[in-house]
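> Handing you a structure now.
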Amino acid sequence: MEATNALSVMTAAELTRLVLAKEELFILDVRNESDFKDWKIEGERIDVINIPYFELLDGVDPVLDQIPDGKKILVVCAKEGSSKFVAEQIAQAGRGNVHYLEGGMKSWSEHLEPVKIGDLKNGGSLYQFVRIGKGCLSYMVVSDGEAAVVDTARMADVVEEFAKSHGATIKHTLDTHLHADHISGGRKLAEKTGGTYWLPPKDADEVTFSYDKLEEGQDIIVGNTTIRIEPVYSPGHTIGSTSLIVDEQFLLTGDILFIESIGRPDLAGKAEDWIDDLRETLYNRYRGLTQDLIVLPAHFGKISELGEGGKVMAKLSELYDKNPGLNIQEEAAFRRIVTENLPPQPNAYQEIRQTNMGKMTPSEEEQREMEIGPNRCAVHDK
Amino acid sequence: MPLIKADQSLDCKGLACPMPIVKTKKAMDQLEAGQVIEVQATDKGSLADLKGWAKNTGHQYLGTIEEDNVLKHYLRKASPDEIKEQKKYMHVITNEELEKKLVSDEIAIILDVREPAEYAFNRIQGAFSVPLGELENRLYELNPEDSIYVICRTGARSDMACQLLAAKGFKDVHNVEPGMSTWSGPTESN
């Protein structure tokens, strides 16, 4: 059968650029209702409706009037098959500008968009990788042919390629803490490039592999121009959580401090124990740092946290003004907010932690399944 | 009893969505109301999708078993007659009354006349399974002097079973209404 002219494919990369450019798009999400409720594609000028594909087995005629004429249409499903099945029928019904998402939500979950954050003082640059579908952020410091990567996503190949294209070899991979929402690519990447994998020792009690201890007072040098990556012990999300100061300009806060929220202390099962640590880090330790530092977190929770060009960043002083998580004066109220009414935990978070400790070695396909859904590492969505 | 008979098995292994549902729908169209289909699939997403599809179409999703990475889903084709059909048997007991009887330890035989797949996933503890279609040939397994409480999903099949038992000389037979669809007491499964 010949494909209809009007049907085209959209990649996750194209969709990302469209979201970042705040373009208009109408999405018909044909996954089942529960998956749709769990997570979906969002954007400032994106309208989305959910009609499961299995309601459209006899044709799309009954729902055509819900699909606006003249707008760019994207049909989305979990993997691709069903969206293609539905999109073809919409195109055959005479609609133009109809697309389906290549690889479905799985591809959307895995796409990494590199965004340049800024230049370093003695040459070199800092990049942010925006994993837009899942809300994860990782970083690469590039200086004089060397690179260090922080909180790397599982898709290590993309990161390695990026370093290569900037003429850099990855010398260090760092995790600010033991992640519960995504599988770290740090260890794999370090093995591949002959680099060093750094992990906070207090989060590494149970790991089954060797690593270098990411501890306060231990500088990590990238390139000849001495870009110091200075760890700052900042427990709360996990007991080992460690922040990094890069080039005396940037504060990588991991899952402790986000742009519009703060980290949750419960994902390693120790909420009660870590509340005081979290408060101490947010209300005292970070206060003592230079307030001009640019905060670069490991996650965003809402599309509104994406700034110009997709950058997720803000001055520390600005966050003390605006972030609701930094403005809870009473300790009792703070305690309540970080332990009660938390969002649901990230998908398969216990298995993900086990995998990051090296205790489980799921297949590539299983890892993909485990990571489905949003990161959910923040306390609230405001 | 042509209403409830042969199960069908459908192989959707290795197929990605939407094919498992497309094939199930086609197969279901060929089935008669009340029949149970087994759908074998390897696509993990087929579970939530089949449940959603069954809910929207009114077919009865019974349950899923996973064996060697193959998901076996069981569905029963809806029969519109089941609800409309007039119930004729006089001696009726409600779910709540039966539940009380079970709690008070009164000895009662619960005869579950649903399909084996329905019985397998959710049944009253100790219920005895004889699908309606097999009942006539298996009467010898029951004692005509016993108190027997007959249950199905909505009270329709059990109504027919009660009539059959009464006609065969069973003395103390009760139809449980509405049946397993709203049963709130303790249950067990395979």
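> What's the Kirkwood radius of the stretch A:67-117 in Å, using all Cα pairs?
Taking every pair of different Cα atoms in the stretch A:67-117, averaging 1/r and inverting gives 11.9 Å.
> Report the one residue of B:Ile109, B:Pro186, A:Gly325 whose Cα lies farthest in the direction of the positive end of the charge dipole of the protein assembly as shown (charges on C-beta: Lys and Arg +1, Asp and Glu -1; origin at the Cα centre).
A:Gly325
> Measure out, as a whole number of angstrom, how far apart the alpha-carbon centroids of the stretch A:1-67 and the stretch A:176-236 sit.
With the stretch A:1-67 and the stretch A:176-236 each reduced to a Cα centre, they are spaced 39 Å.
> Turning to a different aspect of this structure: Calculate I(q)/I(0) for the stretch B:28-78 by the Debye formula, one identical point scatterer on each C-alpha and no solvent, and give its log10 at q = 0.32 Å⁻¹ to two decimals.
One equal scatterer on each Cα of the stretch B:28-78 leads to -1.27.
> For A:Leu342, A:Leu296, what's the fewest-to-most ordering of other Cβ within 10 Å of each Cβ?
In order of increasing Cβ crowding within 10 Å: A:Leu342, A:Leu296.
> Related question: Just order B:156-166, A:301-311 by mean Cβ neighbour count inside 10 Å, highest at the front, would you?
Packing order, densest peptide first, comes out as B:156-166, A:301-311.
> To continue, here is another question. About the Cα centre of chain B, what is the dipole size in debye to 20, counting +1 per Lys and Arg Cβ and -1 per Asp and Glu Cβ, all else neutral?
It works out to roughly 640 debye.
> Rounded to the nearest 20 debye, what is the charge dipole size of chain A about its Cα centre when +1 sits on each Lys and Arg Cβ and -1 on each Asp and Glu Cβ?
For this selection, approximately 400 debye.
> Further question on the same structure: Once every DSSP H run of n ≥ 4 in chain A is given -39500 (n - 2.57) and the sum is divided by its residues, what mean residue ellipticity at 222 nm do you get, rounded to the nearest 500 deg cm²/dmol?
-6500 deg cm²/dmol
> Specify the inter-centroid distance of the stretch B:173-190 and the stretch A:331-375, based on alpha-carbon positions, in whole Å.
If you average the Cα positions of each part, the centres end up 38 Å apart.
> Follow-up. Can you put B:Thr187, A:Thr193, A:Thr242 in order of Cβ neighbours within 10 angstrom, beginning with the fewest?
By the 10 Å Cβ count, ascending, the order reads B:Thr187, A:Thr193, A:Thr242.
> Let me ask something else about it. Taking a threshold of 23 Å on the Cα-Cα distance, which of the pairs A:Lys121/A:Lys192; A:Lys106/A:Lys213; A:Lys79/B:Lys77; B:Lys51/B:Lys72 fall above it?
Beyond 23 Å: A:Lys121/A:Lys192; A:Lys106/A:Lys213; A:Lys79/B:Lys77.
> Still on this structure: Explain nothing, just the number: dipole magnitude of the stretch A:262-364 about its Cα centre with +1 on each Lys and Arg Cβ and -1 on each Asp and Glu Cβ, in debye rounded to the nearest 20.
Computed charge dipole of the stretch A:262-364: roughly 120 debye.
> Compute the Kirkwood hydrodynamic radius of the stretch A:112-371, taking the inverse of the mean of 1/r over all pairs of distinct Cα atoms, and give it in Å to one decimal.
Result for the stretch A:112-371 stands at 18.3 Å.
> Per residue, how big is the convex hull around the C-alpha atoms of the stretch A:239-382? Give it to me in cubic angstrom, could you?
129 Å³
> Provide A:Lys116, A:Lys134, B:Lys101 in ascending order of the number of other Cβ atoms located within 10 Å of each residue's Cβ, fewest first.
A:Lys116, B:Lys101, A:Lys134
> Can you tell which of B:Tyr149, B:Gly63, B:Phe128 lies farthest toward the positive end of the dipole of chain B, using +1 and -1 charges on the Cβ of basic and acidic side chains (Lys, Arg; Asp, Glu)?
B:Gly63
> Between A:Pro346, A:Gly358, A:Val312, whose Cα lies farthest towards the positive end of the dipole of the stretch A:308-372 when Lys and Arg beta carbons carry +1 and Asp and Glu beta carbons carry -1, centred on the Cα centre?
Of the listed residues, the answer is A:Val312.
> Would you kindly compute the Cα radius of gyration of the stretch A:230-309 and its largest Cα-Cα separation (Dmax), both in Å?
12.5, 39
> Taking a temperature of 4 °C and a viscosity of 1.567 mPa s, what whole-number D in µm²/s does Stokes-Einstein yield for the protein assembly as shown with Rh from Kirkwood over alpha carbon pairs?
47 µm²/s
> Mind giving me the FRET efficiency for B:Tyr140 and B:Ala48? R0 is 51 Å, r the Cβ-Cβ distance, nearest 0.05 is fine.
Efficiency, rounded to the nearest 0.05: 0.70.
No value in this document is a laboratory result; all are computed from the given coordinates. Remember, it's a predicted structure, so these values are computed and weren't measured experimentally. In this analysis, Cβ positions are derived from the backbone assuming ideal geometry, glycine residues included, and neighbour counts consider all displayed protein chains.
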